[in-house]
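The values are calculated or read from the model by the stated rules, or taken from the named source; none is laboratory data. Not measured: the values here are computed from a predicted model. Reconstructed Cβ throughout: ideal geometry from the backbone, glycine too, with neighbour counts over all protein chains shown. All accessible areas refer to the heavy atoms of the entire protein, side chains included, with ligands and DNA or RNA removed. Shrake-Rupley method; radii C 1.70, N 1.55, O 1.52, S 1.80 Å.
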Amino acid sequence: MKKKEEPFKPHNMYRDGVAVKADTVEEHLALKSAGYGHDKPKKVVATMSFKEAVNAAKSFLEAVESQMK
């Protein structure tokens, strides 16, 4: 018997103490591929939106690239 699919519900995903809110299936899948999961850590040190997480990652990569020049 096939399990009935439920509509997507926005929720937090976690990695290294950071919580990022997945508002869509696409954001959920992107976070999953980046190593985020559903297990909430004992201590959450930061909470951000998906857009904030993407911008933080871009800023980090730009800083690393500038140091490599």
Would you point out the residue of the stretch 25-51, among those that are assigned to a helix (DSSP H, G or I) and in contact (Cβ under 8 Å) with a residue 12 or more places away in the chain, that is nearest to E6 (Cα to Cα)? V25
Considering the stretch 4-23 alone, what residues qualify as being in a loop (DSSP other than H, G, I, E, B) and open to solvent by 50 Å² or more (accessible area, probe 1.4 Å)? K4, E5, E6, P7, F8, K9, P10, D16, D23
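Could you please let me know if V54 is in a helix (DSSP H, G or I), more than 25 Å from E6 (Cβ to Cβ), free of Cβ contacts under 8 Å to residues at least 60 places away in the same chain and open to solvent by less than 60 Å² (accessible area, probe 1.4 Å)?
Values: in a helix (DSSP H, G or I): yes; more than 25 Å from E6 (Cβ to Cβ): yes; free of Cβ contacts under 8 Å to residues at least 60 places away in the same chain: yes; open to solvent by less than 60 Å² (accessible area, probe 1.4 Å): yes.
Yes; evaluated as a whole, the condition is true for this residue.
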